[in-house]
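S.K.: First the structure, which I've put down as structure tokens, then a few questions once you've had a look.
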Amino acid sequence: MQQNDHSNISLLKEIAELLNEETEIQAMLQGALRKFLAGTNFETGWVFFINKKGRHELIAHENLPQALKHNNCHFLEKGGCWCVSRYRNNELKKASNIIECQRIESANAAELEGDGGITHHATVPLQSGQERFGLLNVATPNTVSFSDDELALLESVAFQMGSAIKRILLTKQEQQMALVEERNRLARDLHDSVNQLLFSVTLTSRAGIEMAEQPEMKETFKEIQNLTQEALTEMRALIWQLRPKGLESGLMEAIKGYAEMLGLNLSVNVSGVLQLPSRVEETLFRITQEALNNVRKHSGVKDAEIFVIITQSDVLLVIKDEGRGFQVDSLVKLPSIGLQSMRDRAKALGGKVDWVSNIGRGTEILIRLPY
């Protein structure tokens, strides 16, 4: 690969412009990888994201040979290899040639058609400052190792990718903070205005019951009081959803507080150490809120149970009641916006929500999220 300095600088500028576009991380990496391969003699590449637990995820790839693409990139997704192992041990500091790659060897040993002559690859960590995100791997057919100049170019591209990932993450963090601030403002406004008005109507209707002499008039005031009380409960639940109190004390405390506010008797069972990322914790709380709302509105019972099981990679949360239940045909549209929102929230984090329910036999909601 003979790239002169001028062409390398031009390529790096083009990639930098691409990385500065307002795109999501996966789309940004895919575009940058495509541009990089088109401008060099590297022919194939793939990007791993690696979380703090060392679990890797194939986030982008380009021009993979058929052997590596086989079965949804099975050989890249599964198993171990030298580069990921060195990354996990914090021993991979710069672009390096990989003498042996277990993933490529496994794919080629399977004797699938189309190995593309790929036997080795180069790797470089993606990072910004001290924060690391994963690996960029590239390869060329019938090439065992790459020159120092080629590895230096690879490092330059990886540096730009790492900086772009950090920028996108910071932007998302700022957006999330702005969203939280807006939720808090709206919650305060609802509490200070609508909530107080409903409370005033409750007091007025109570006085009307005591002052009215005609039975029909008393009954009307009682109906107003009941409806207003129901609206107050709904409003407090909405304020909780906008600004959950108690999450700073832990997920279970927040869930218990919300159930108590709804007037539910909640039994909680936890297996494993409950130390979850904040995004996972809030998603679980939001889904549980919706589930408990359904228990209060539709189950006809005041008792519910929650089971939480923590594994090394997933959290399973089960919400169960023995109320009226419902029947869902899996081939038709979901029966409520609430159930669909649970599924959407879980899907956004790569998880899933399922439910088991039958008329007269209660409902069981199962939530599984990776972390």
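S.K.: Any residue in segment 268-284 that's in contact (Cβ under 8 Å) with a residue 40 or more places away in the chain: show its pairings with residues that are open to solvent by 40 Å² or more (accessible area, probe 1.4 Å) and in a helix (DSSP H, G or I) at Cβ separation under 8 Å, as long as the two are six or more apart or on different chains.
M.R.: Listed by first residue and then by second, the contacts come to V268/K256; T283/R345; T283/A348.
S.K.: For segment 139-161, does any single residue satisfy the condition of being modelled with pLDDT of 90 or more, part of a strand (DSSP E or B), at positive phi and surrounded by 13 or more Cβ atoms within 10 Å (Cβ to Cβ)?
M.R.: Checking segment 139-161: not a single residue is modelled with pLDDT of 90 or more, part of a strand (DSSP E or B), at positive phi and surrounded by 13 or more Cβ atoms within 10 Å (Cβ to Cβ).
S.K.: Identify the residue in segment 63-79 that is open to solvent by 40 Å² or more (accessible area, probe 1.4 Å) and touching a helix residue (DSSP H, G or I) at 6+ places or on another chain (Cβ under 8 Å) and, among all such residues, is nearest to N142 (Cα to Cα). Step through it out loud before you land on a result.
M.R.: Start the filter on segment 63-79 by keeping residues that are open to solvent by 40 Å² or more (accessible area, probe 1.4 Å), which leaves 63, 66, 69-72, 74, 77-79.
Remaining after also requiring touching a helix residue (DSSP H, G or I) at 6+ places or on another chain (Cβ under 8 Å): 63, 70, 79.
Working: N63: 15, H70: 20, G79: 24 Å.
Residue satisfying both the conditions and the ranking: N63.
S.K.: Restricting to segment 84-130, and then to whatever is of a type in the set (D, E, K, R) and in contact with a Gly (Cβ under 8 Å, 6 or more places away or on another chain), can you tell me which residue is nearest to G162 (Cα to Cα)? Explain how you work it out, then say what you get.
M.R.: Kept after step one, since they are of a type in the set (D, E, K, R), are these residues of segment 84-130: 86, 88, 91, 93-94, 100, 103, 105, 111, 113, 115.
If we keep only those that are in contact with a Gly (Cβ under 8 Å, 6 or more places away or on another chain) too, we end up with 88, 103.
Numbers: R88: 17, R103: 24 Å.
Once the filter is applied, the top-ranked residue is R88.
S.K.: Are any residues in segment 84-123 surrounded by 18 or more Cβ atoms within 10 Å (Cβ to Cβ) and under 26 Å from the mean Cα position of the chain (by Cα), and if so, which ones?
M.R.: Within segment 84-123, V84, Y87 meet the criteria.
S.K.: What number of residues within segment 210-256 are modelled with pLDDT under 75 and in a helix (DSSP H, G or I)? Spell out how you get there, then give the answer.
M.R.: Our first condition is that a residue be modelled with pLDDT under 75; within segment 210-256, this holds for 236-249.
When the remaining residues are screened for being in a helix (DSSP H, G or I), the result is 236-242, 247-249.
Matching residues across segment 210-256 total 10.
S.K.: Are any of the residues in segment 344-353 open to solvent by 20 Å² or more (accessible area, probe 1.4 Å), in contact with an Asp or Glu (Cβ under 9 Å, 6 or more places away or on another chain), within 30 Å of E57 (Cβ to Cβ) and assigned to a helix (DSSP H, G or I)?
M.R.: Yes: one or more hits.
S.K.: Further question on the same structure: Restrict the check to segment 123-133 and report whether at least one residue is at negative phi, in contact with a Pro (Cβ under 9 Å, 6 or more places away or on another chain) and assigned to a loop (DSSP other than H, G, I, E, B). Steps first, please.
M.R.: In the first step, residues of segment 123-133 are kept if they are at negative phi; the result is 123-128, 130-133.
Subsequent filtering for residues that are in contact with a Pro (Cβ under 9 Å, 6 or more places away or on another chain) retains 132-133.
Restricting the remaining residues to those that are assigned to a loop (DSSP other than H, G, I, E, B) gives none.
No, every residue in segment 123-133 fails to be at negative phi, in contact with a Pro (Cβ under 9 Å, 6 or more places away or on another chain) and assigned to a loop (DSSP other than H, G, I, E, B).
S.K.: Another one. Out of all the residues in segment 31-54, which are closer than 13 Å to L136 by Cβ and under 20 Å from the mean Cα position of the chain (by Cα)?
M.R.: V47, F48, F49, I50
S.K.: Name the residue that is farthest from M235 (Cα to Cα), counting only residues in segment 284-321 that are touching a strand residue (DSSP E or B) at 6+ places or on another chain (Cβ under 7 Å), of a type outside the set (A, V, I, L, M, F, W, C) and open to solvent by 20 Å² or more (accessible area, probe 1.4 Å).
M.R.: S313
S.K.: Collect the residues in segment 95-122 that are assigned to a loop (DSSP other than H, G, I, E, B) and among the hydrophobic types (A, V, I, L, M, F, W, C), keeping them in residue-number order.
M.R.: We begin by selecting, within segment 95-122, every residue assigned to a loop (DSSP other than H, G, I, E, B); these are 95, 99-101, 110-120.
Result: A95, I99, C101, A110, L112, I118.
S.K.: A further question follows. If you scan segment 46-62, which residues turn out to be assigned to a strand (DSSP E or B) and open to solvent by 60 Å² or more (accessible area, probe 1.4 Å)?
M.R.: The first filter runs over segment 46-62 and keeps only residues assigned to a strand (DSSP E or B), leaving 46-50, 56-62.
Of everything in segment 46-62, those that are assigned to a strand (DSSP E or B) and open to solvent by 60 Å² or more (accessible area, probe 1.4 Å) turn out to be E57, H61.
S.K.: Sticking with this one: State yes or no: is I168 out of contact with any Cys (no Cβ under 6 Å at 6 or more places or on another chain) and modelled with pLDDT under 90? Show your work before the answer.
M.R.: Details: out of contact with any Cys (no Cβ under 6 Å at 6 or more places or on another chain): yes; modelled with pLDDT under 90: yes.
Yes.
S.K.: Looking only at residues in segment 354-371 that are over 23 Å from the mean Cα position of the chain (by Cα) and among the hydroxyl-bearing types (S, T, Y), which one is surrounded by the most Cβ atoms within 10 Å (Cβ to Cβ)? Can you show your working first?
M.R.: Residues of segment 354-371 that are over 23 Å from the mean Cα position of the chain (by Cα), as a first pass: 356-363.
Then drop every residue that is not among the hydroxyl-bearing types (S, T, Y), which leaves 357, 363.
On the way: S357: 18, T363: 23.
Residue satisfying both the conditions and the ranking: T363.
The values are calculated or read from the model by the stated rules, or taken from the named source; none is laboratory data. In this text the structure is predicted, and so the values were computed from the model without any measurement. With ideal geometry, Cβ positions are generated from the backbone for all residues, glycine too; neighbour counts draw on all protein chains shown. The protein model used for the area step is the full one, side chains on, heavy atoms only, and it has no ligands, DNA or RNA in it. Shrake-Rupley method; radii C 1.70, N 1.55, O 1.52, S 1.80 Å.
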